[in-house]
Amino acid sequence: MTALDLSSSVAVVGTGTMGQGIAQVALVAGHTVRLYDAAPGRAREAADAIGARLDRLVEKDRLGAADRDAARARLLPADDLAELADCTLVVEAVLERLDVKQELFRALEDVVADDCLLATNTSSLSVTAIGGALRVPGRFVGLHFFNPAPLLPLVEVVSGFATDVTCATRAYETARAWGKTPVACADTPGFIVNRIARPFYAEAFAVYESQGADPATIDAVLRESGGFRMGAFELTDLIGQDVNESVTHSVWQSFFQDVRFTPSLAQRRLVESGRLGRKSGHGWYDYGDGAERPEPHTAEPAEPPAYVVAEGDLGPASELLALIREAGIEVREEDEDNGTRLVMPGGGQLALADGQTSVEFRDVVYFDLALDYRKATRIALSHAQDTSPATVAEATGLFQALGKKVSVIGDVPGMIVARTVARIIDLAYDAVAKGVATEEDIDTAMRLGVNYPLGPFEWDRRLGRTWVCSLLDDLHQRDPSGRYAPSLALYRHAYATEKREGTP
Ligand SMILES: NC(=O)c1ccc[n+]([C@@H]2O[C@H](COP(=O)([O-])OP(=O)(O)OC[C@H]3O[C@@H](n4cnc5c(N)ncnc54)[C@H](O)[C@@H]3O)[C@@H](O)[C@H]2O)c1
């Protein structure tokens with residue numbers, strides 16, 4: 001099954017933000033594109049707006065003037081649905097309401113041929129539910145573009161229960177021919193990206209709600225240690241708190257209030273009070289005139305220890321040993337396989353976040369997971385109230401000697417990056433086990449759809465599968481709500497790895 005022929009016409013129905021972007025993509029790819037919108041005049045306005053964007057592409061030398069003129073001539077606003085009769089693909093991007101979309105597709109089926117591919121750009125409704133209204137539901141598929149569609153490469157190609165494989169393949173190949181990177185996924189709440197990304201926001205908000213750290217510190221740690229392009233607070237301010245919360249709410253409701261997707265009370269309060277983010281001038285942060293972004297917590301300089309004793313190889317943080325040596329600090333290696341601990345001269349210990357709290361141990365400071373300890377510019381530390389100040393100072397000085405800023409946060413199990421990444425990985429395993437998508441497509445979707453520095457499976461391979469599972473197990477013991485319970489799929493992988501590697 002191949003992509004749609006360029007000689008065939010594509011229709012876009014609903015010419016708001018997404019419809020315009022999708023139309024531009026199909027147009028630049030070479031199709032004739034018909035635009036239809038229920039609001040009178042809107043399709044023509046959309047054609048003008050797309051034309052203006054093509055002009056800007058010409059100004060930036062990204063499109064030739066002749067190609068722009070040809071594309072402009074192929075862009076045809078329609079006053080009536082009947083004008084879409086010759087189209088071989090219709091992409092719908094209207095209001096996000098099931099009844100509105102179902103009614104539209106019923107009307108479209110009366111207009112287009114029976115082999116016309118029908119697609120919805122819905123982000124939160126069920127493709128199966130919308131397709132249920134159709135006479136020929138096998139030709140109905142989800143084509144979920146991301147905003148702005150002309151720029152973002154990812155398209156989730158969603159198969160509903162009734163979608164024919166040939167139609168899904170044709171939609172997939174067409175998206176690819178349009179220069180996009182399609183991924184195939186099943187019709188489940190949030191599809192791939194909006195399902196697996198939920199913990200990125202939820203865990204940041206949970207750390208904040210448990211008084212673990214302020215938004216600026218959590219954002220800085222996610223960026224500078226986790227390698228995420230933006231922190232969860234600044235990103236949701238950009239997306240709009242209402243928009244982000246409504247996705248979370250919809251995924252949570254669609255999964256019958258599954259505790260793993262529980263929305264955040266703090267975010268609810270923001271939305272209720274109209275603090276929607278950049279667009280309203282105030283969200284987690286203030287965007288008013290003269291408002292200054294709060295600084296993340298950064299520890300004062302401290303003396304590094306003269307040496308550290310490494311018990312075991314530090315697991316996912318093993319790279320630290322080389323960095324410590326390069327900083328001129330002696331590393332004494334002991335055979336004792338304690339896995340993830342460094343003992344400092346004062347007797348205090350430094351341990352990688354593992355889902356436990358430091359109050360459970362004598363004189364322990366936890367440090368957070370980093371995407372890459374060499375490149376990380378900030379590391380979060382946490383400790384119990386009774387951890388000795390000398391141990392905290394030694395731990396702080398150690399990371400500062402490696403050139404890192406240090407943020408000291410509250411004694412939150414799993415800290416910031418570790419719990420976030422572990423939950424993302426767990427949801428990814430769960431999604432594969434439920435037939436949502438392949439590992440490869442999930443990695444692609446999370447890298448391209450939300451800019452993660454690594455796909456969840458790539459990240460997991462770096463960490464070792466048992467590490468994520470045991471961290472979540474520990475978190476689950478401390479919060480038995482089910483939010484952190486490792487999925488059966490993650491357990492299976494952890495045990496399979498242990499057997500293969502011969503770990504007892
Ligand atoms: N905005 C995003 O970031 C984003 C991303 C991915 C998917 N989506 C999905 O894309 C769809 C459109 O979102 P948007 O942000 O472009 O909305 P929008 O409000 O910008 O545009 C919707 C357009 O649809 C028109 N419309 C409404 N009912 C119609 C009907 N029955 N027939 C024809 N036209 C109709 C409206 O007049 C409007 O022009 C939604 O399903 C949304 O969930 C949005």
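With the calculation restricted to Cα positions, what are the radius of gyration and Dmax of region 1-82 in angstrom?
My reading of the Cα-based Rg and Dmax gives 12.4, 37 Å.
Go ahead and run the numbers for FRET between Arg56 and Ala291, Cβ-Cβ distance against an R0 of 30 Å, rounding to 0.05.
The calculated FRET efficiency here is 0.45.
Quick one: helix 465-478 against the long Cα principal axis of the chain, what's the angle to the nearest 10°, folded into 0 to 90?
With rounding to tens, the tilt is 80 degrees.
Using only the Cα atoms, work out Rg/Rh for region 300-361, with Rh taken as the Kirkwood radius, to two decimals.
0.96
Amide H of Val408: which non-local residues (sequence gap of 5 or more, or other chain) have their own amide H closer than 5 Å, using H built in the peptide plane?
Under 5 Å from the amide H of Val408 lie the amide H atoms of Ala299, Leu381, each far enough along the sequence or on another chain.
Run the simple label-point estimate for Gln385 and Arg269 please: 7 Å along Cα→C-beta, distance reported in nm.
Placing both labels 7 Å along Cα→Cβ, they lie 2.2 nm apart.
With everything on Cα atoms, drop me the angle between helix 439-449 and the longest principal axis of the chain, reported from 0 to 90° to the nearest 10.
80
Can you pull the semi-axes for region 311-407, root of five times each eigenvalue of the Cα gyration tensor, sorted largest first, whole Å?
Result for region 311-407: semi-axes of 18, 15, 13 Å.
May I ask you to sort Arg97, Arg419, Arg341 by Cβ crowding, counting other Cβ atoms within 10 Å and putting the fewest first? Before the final figure, lay out the partial values.
Working: Arg97 11, Arg419 26, Arg341 21.
Least to most surrounded, the residues fall as Arg97, Arg341, Arg419.
Given the options Ser388, Phe200, Val365, identify the residue whose Cα lies farthest towards the positive end of the charge dipole of the chain (+1 on Cβ of Lys, Arg; -1 on Cβ of Asp, Glu).
The residue sitting most towards the positive pole is Phe200.
What percent do you get for the relative contact order of region 114-272 when only Cα pairs under 8 Å and 6+ apart count?
After rounding, I find 17 percent.
Let me spell out the model: positive unit charges on the Cβ of Lys and Arg, negative unit charges on the Cβ of Asp and Glu, origin at the Cα centre of region 66-139. What dipole size does that give, in debye rounded to 20?
Here the size comes out at about 260 debye.
In what sequence do Asp426, Asp99 fall when counting other Cβ within 10 Å, fewest first? Present the calculation step by step, with values, prior to reporting the outcome.
Values: Asp426 26, Asp99 10.
In increasing order of surrounding Cβ atoms, one gets Asp99, Asp426.
Subtract the Cα-Cα distance of Thr377 and Ala65 from 0.36 nm times their separation in residues, and report this length gain in nm to one decimal.
Additional length available on full extension: 107.8 nm.
Return one number: the angle in degrees, 0 to 90 and rounded to the nearest 10, between the long axis of the Cα atoms of helix 17-29 and the longest principal axis of the Cα atoms of the chain.
Result, in degrees: 70.
For region 1-89, what's the relative contact order in percent, using C-alpha pairs closer than 8 Å and at least 6 residues apart?
The value is 36 percent.
Considering only the other residues whose Cβ falls under 12 Å of the Cβ of Ala119, what net charge follows from Lys and Arg at +1 and Asp and Glu at -1?
Cβ neighbours under 12 Å give a net charge of +1.
Below 8 Å between Cα atoms, with a sequence gap of 6+, how large is the relative contact order for the chain in percent? Spell out each step's value before the answer.
Working: 1017 pairs, mean separation 60.3, N = 504.
For the chain, the relative contact order is 12 percent.
Rounded to the nearest Å, what's the spacing between the alpha carbon centres of region 36-104 and region 289-318? Just the number, please.
51
With 10 angstrom as the radius, rank His297, His144 by how many other C-beta atoms surround their C-beta, starting from the fewest.
Ascending number of Cβ neighbours within 10 Å: His297, His144.
Roughly what percent of Cα-Cα pairs across region 92-200 reach past 18 Å?
For region 92-200, the fraction of Cα-Cα distances above 18 Å is 45 percent.
Would you mind checking the radius of gyration and Dmax of region 128-266 based on alpha-carbon positions, in Å?
Values for region 128-266 (Cα only, Rg and Dmax): 17.5, 54 Å.
I need the calculated FRET efficiency for the pair Val243 and Glu360, taking r as the beta carbon distance and R₀ as 51 Å, to the nearest 0.05.
My answer for the efficiency is 0.85.
What's the center-to-center distance, using Cα atoms, between region 424-445 and region 362-419 in Å?
Region 424-445 and region 362-419 have Cα centres separated by 31 Å.
log₁₀ I(q)/I(0) of region 192-308 at q = 0.16 Å⁻¹, via Debye over equal Cα point scatterers, no solvent, to two decimals?
Result of the Debye calculation: -0.77.
How much space per residue, in cubic angstrom, does the convex hull of the C-alpha atoms of region 411-504 take up?
108
So, counting K/R as plus one and D/E as minus one, what does the shell of residues with Cβ under 12 Å around Pro153 add up to?
+2
Just add up the charged neighbours of Val183: K/R +1, D/E -1, any other residue whose Cβ is under 12 Å from the Cβ of Val183. Intermediate results must be reported in sequence, preceding the final value.
Details: positive: Arg176, Lys180, Arg447; negative: Glu156, Glu439, Glu440, Asp441, Asp443.
Overall, the nearby charge balance is -2.
Length gain on complete extension for the stretch Arg44 to Arg74, per 0.36 nm per residue less the alpha carbon to alpha carbon distance?
Stretched fully, the Arg44-Arg74 segment lengthens by 9.5 nm.
For the chain, just run the numbers: alpha carbon Rg, then divide by 2.2 N^0.38 Å, N being how many residues it has.
1.10
Per the Debye formula with a single identical scatterer at each Cα and no solvent contribution, what log10 I(q)/I(0) holds for region 216-270 at q = 0.15, 0.16, 0.25, 0.29 Å⁻¹?
Relative scattering, expressed as log10 I(q)/I(0), comes to -0.49, -0.55, -0.97, -1.04.
For region 1-140, with equal point scatterers placed on the C-alpha atoms only and solvent neglected, what are the log10 I(q)/I(0) values from the Debye formula at q = 0.11, 0.18 1/Å, to two decimals?
Normalising to I(0) and taking log10 leaves -0.39, -0.98.
Calculated FRET efficiency, Ala85 and Lys434, Cβ-Cβ r, R0 56 Å, to nearest 0.05?
With a Förster radius of 56 Å, E is 0.90.
The numbers here are math on the coordinates, done by the rules we state, and not lab data. Being a predicted model, the structure only gives us computed values, none of them experimental. Neighbour counts run over all protein chains shown; Cβ positions are idealised from the backbone, glycine included.
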